[in-house]
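The structure under discussion appears below in the form of structure tokens.
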Amino acid sequence: MLNLHQRTQLLRIARESIGAVLHGGRPEVDPPEDEELLRPSGAFVTLTIAGALRGCIGTIEAVAPLWRAVANSALNAAFHDPRFAPLRPDELPRVEIEISVMSPIVPVSTLDDIMVGRDGLIV
């Protein structure tokens, strides 16, 4: 479980990455010093405006450090979700960002190992 400071850092990374691209720049985020944010992890970033979905993309596999997975997922949700047009600069102040950090993938032996509402499944 991430603490408040770590969650705040990830939200900042997501918003700054999106903002940099919207303003014609490159998303250049310095890696955090927090070991938890440097460990490989999958992450999903969901963007909403006034409660309506605006983009959601991520990866379940740990292919990058968590901070990088969040930055990449934020950019993909904002600009590459095929269900939506790319985010516009005027939308950024209204965008709410939700980050879901994936726990490691583990096999289960029985149905009793699965808790509905907590666990995602790969079939």
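The values are calculated or read from the model by the stated rules, or taken from the named source; none is laboratory data. As the structure is a computational prediction, the values presented were derived from the model and not from experiment. Reconstructed Cβ throughout: ideal geometry from the backbone, glycine too, with neighbour counts over all protein chains shown. SASA here: full protein model, heavy atoms, side chains in, ligands and nucleic acids out. Shrake-Rupley method; radii C 1.70, N 1.55, O 1.52, S 1.80 Å.
Structural remarks
- For the options S109, S17, S73, a Gaussian network treatment of the chain with springs between C-alpha atoms closer than 10 Å singles out S109 as fluctuating the most.
- Of I57, I13, I105, the one that fluctuates the most in a GNM where the chain has Cα springs shorter than 10 Å: I105
- The chain - percent relative contact order, Cα under 8 Å, separation 6 or more: 27 percent
- Expressed as a whole percent, the accessible surface of the chain that belongs to carbon and sulfur atoms is 57, based on a 1.4 Å probe.
- The trypsin sites (Lys or Arg not before Pro) of the stretch 45-123 that meet both conditions, a loop assignment by DSSP and at most 12 other Cβ atoms within 10 Å of the site Cβ, are R83, R118.
- Of the GluC sites (Glu not before Pro) in the stretch 14-123, the ones in a loop by DSSP (not H, G, I, E or B) with at most 11 other beta carbons within 10 Å are E28, E33.
- Estimated inter-spin distance, F79 and E36, nm [label 7 Å along Cα→Cβ]: 3.0 nm
- Max mean-square fluctuation residue, GNM over the chain, Cα-Cα springs under 10 Å, options L11, L37, L92: L92
- Averaged per residue, the chain has 64 square angstrom of accessible surface, using a 1.4 angstrom probe with ligands and nucleic acids left out.
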